[in-house]
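The values are calculated or read from the model by the stated rules, or taken from the named source; none is laboratory data. Note that the coordinates shown come from a computational prediction; the quantities given were computed from them, not determined experimentally. Please note: Cβ atoms are built from the backbone with ideal geometry, for glycine as well, and neighbour counts cover all protein chains shown. The protein model used for the area step is the full one, side chains on, heavy atoms only, and it has no ligands, DNA or RNA in it. Shrake-Rupley method; radii C 1.70, N 1.55, O 1.52, S 1.80 Å.
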Amino acid sequence: VDIIIPVYGRYDLLEDCLNSIPLAFPETPYKVYVFDNATPMDYNEKQKFFAKHAVKVTFSKQNVGFPLACNASAQKGKGKYIFLLNSDVVLDPGSGEVLARYLSEHEDVGVVGMKLLFAEKGNRERNPASIGKVQHVGLSFDINAIPQHLYIGWSPDNPKTQGIIEPD
């Protein structure tokens, strides 16, 4: 699995993200590719940060956005699967294994995603009631093609937020 993580600033959140990966993929081999989208930070500080992590890093001189950062990093990988990961996501133990296993058992499936929960970090002051609730279980689009988070604010234990959601 090639894990692609674009980042702009917020190395504090990236630290938590990177630290969660080994437990998310305890059996599946993976490589992590981080694309720094011109974070305004001293280059030596960036190097010091990444020296602590087994990742391949691309430092961009300009912010090229999420899609181009993902494409540039994905071209460097050679894994069977590409896992796009936001730098503020902390993976649950074994969660990467579940996705990789599902893809290997269902070769007709091209894309999988996971349930995202609102974390305590960053939400304590903004919206404490959202902590631990569903951020989304995939996306849908309304009649005006505006993306909507499915089941936002629901309990993660609600049966509708469990299992596989097939597109219509």
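Please find, within region 131-168, the residue that is modelled with the highest pLDDT out of those that are assigned to a strand (DSSP E or B), hydrophobic (A, V, I, L, M, F, W, C) and surrounded by 10 or more Cβ atoms within 10 Å (Cβ to Cβ). So the residue we want is VAL134.
Pull up region 54-63, narrow it to residues that are at pLDDT 95 or above and within 18 Å of the chain's Cα centre (by Cα), then point me to the one that is farthest from LEU18 (Cα to Cα). Within region 54-63, the match that is farthest from LEU18 (Cα to Cα) is THR58.
ASN86 satisfies every condition listed in (1) open to solvent by 40 Å² or more (accessible area, probe 1.4 Å); (2) outside any helix (DSSP H, G or I); (3) farther than 24 Å from GLY110 by Cα; (4) of a type in the set (S, T, N, Q) except (3). If you go through region 101-129 and keep only what is in a helix (DSSP H, G or I) and either at pLDDT below 80 or among the acidic types (Asp, Glu) (or both), you end up with GLU105, PRO128, ALA129.
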